[in-house]
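Asks: Could you have a look at this structure, given as structure tokens, before my questions?
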Amino acid sequence: MEAVSNAAHLCIDMQNVFARGGVWATPWMERVLPVISDICARYPERTVFTRFVTPEKPEDRRGQWQAYFMKWRCATRGNLPPGALDLVSELARYSPPALVVDKPAYSAFFGSRLGHLLVERHVGTVVVSGAETDVCVLATVLGAVDLGFRVVIVQDALCSSSDTGHDALMTMYRTRFHGQIDLVDAEELFEMWCPD
């Protein structure tokens with residue numbers, strides 16, 4: 001596998017709302033946090049955290065998003081406790097120099113400045129970690145592929161609330177996107193990532 005260069009680490013939605021006790025608790029988060037923290041510690045200036053920011057109330061969104069947040073009214077900003085949408089404390093300490101980009105939907109590229117930010121920084125490869133494998137990570141990975149980025153997924157730095165969904169996505173990445181997406185473990189990443 002080729003070396004990782006001109007890269008940015010995209011850490012997707014590692015927020016309190018997805019941590020233990022959060023509305024959308026992702027049980028694996030605690031298991032992958034040390035791995036993600038290690039990546040951030042090695043490349044803080046190359047890390048971009050994303051945050052899924054919910055609307056103040058369901059009526060602030062349109063179409064199916066409005067219906068979704070009617071069901072998940074408890075996850076709207078008007079009902080969440082303070083700090084729920086913040087990064088988990090283990091990772092927040094890396095920002096700055098790491099950047100934080102807010103997004104209103106699953107993909108980190110939709111309704112955010114992320115795409116422009118990466119182009120301005122001459123990024124050619126995105127290294128992806130975070131939550132959830134089969135929702136926001138999936139949407140972000142496909143967005144990155146569509147925009148022409150090389151995608152490197154750190155498979156031991158992903159978490160989901162669905163084992164079935166996670167396993168299905170890892171199989172899909174290996175069998176359907178092997179020309180555009182590479183799967184590595186963190187230790188492999190550290191061996192491959194060349195200083196820019």
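Just so you know, all these numbers are worked out from the coordinates, no wet-lab data involved. Remember, predicted model here, so these are calculated numbers, not experimental data. So basically every Cβ, Gly included, is an ideal-geometry build from the backbone, and we count neighbours across all protein chains shown.
Yes/no per residue for (1) over 24 Å from Val141 (Cα atoms); (2) of a type in the set (Ser, Thr, Tyr); (3) touching a helix residue (DSSP H, G or I) at 6+ places or on another chain (Cβ under 6 Å); (4) free of Cβ contacts under 8 Å to residues at least 60 places away in the same chain:
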residue: Ser5; (1), (2), (3), (4): no, yes, no, no
residue: Trp24; (1), (2), (3), (4): no, no, yes, no
residue: Tyr68; (1), (2), (3), (4): no, yes, no, yes
residue: Pro81; (1), (2), (3), (4): yes, no, no, yes
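Asks: Residues to consider are Asp13, Asp38; find the one that is out of contact with any Cys (no Cβ under 7 Å at 6 or more places or on another chain) and not hydrophobic (A, V, I, L, M, F, W, C).
Replies: Asp38
Asks: Okay, next question. Can you confirm whether Asp182 is of a type in the set (Asp, Glu) and without any contact (Cβ under 8 Å) to a residue 12 or more places away in the chain?
Replies: Against the criterion (of a type in the set (Asp, Glu) and without any contact (Cβ under 8 Å) to a residue 12 or more places away in the chain), Asp182 does not qualify.
Asks: From the list Val119, Val137, Val123, exactly one residue is in contact (Cβ under 8 Å) with a residue 60 or more places away in the chain and more than 15 Å from the chain's Cα centre (by Cα). Which is it? Working first, answer last.
Replies: Values: Val119 fails: in contact (Cβ under 8 Å) with a residue 60 or more places away in the chain; Val137 fails: more than 15 Å from the chain's Cα centre (by Cα).
Residue meeting the stated conditions: Val123.
Asks: Another one. List the number of the failed condition for Ala186; all other conditions in (1) surrounded by fewer than 16 Cβ atoms within 10 Å (Cβ to Cβ); (2) in contact with an Asp or Glu (Cβ under 6 Å, 6 or more places away or on another chain) hold.
Replies: (1)
Asks: Give me the pairs, please: first residue somewhere in the stretch 153-165 and touching a residue at least 60 places away in the same chain (Cβ under 8 Å), second residue anywhere and crowded, with 16+ Cβ neighbours inside 10 Å and part of a loop (DSSP other than H, G, I, E, B), beta-carbon distance under 6 Å, and either six or more positions apart or on two chains.
Replies: Partner pairs satisfying both residue conditions: Leu158/Thr133; Cys159/Thr26; Cys159/Trp28; Ser160/Glu132; Ser160/Thr133; Ser160/Asp134; Ser161/Thr26.
Asks: Scan the stretch 57-76 and tell me whether some residue there is among the hydrophobic types (A, V, I, L, M, F, W, C), within 24 Å of Ala168 (Cα to Cα) and buried (at least 18 other Cβ atoms within 10 Å of the Cβ).
Replies: no
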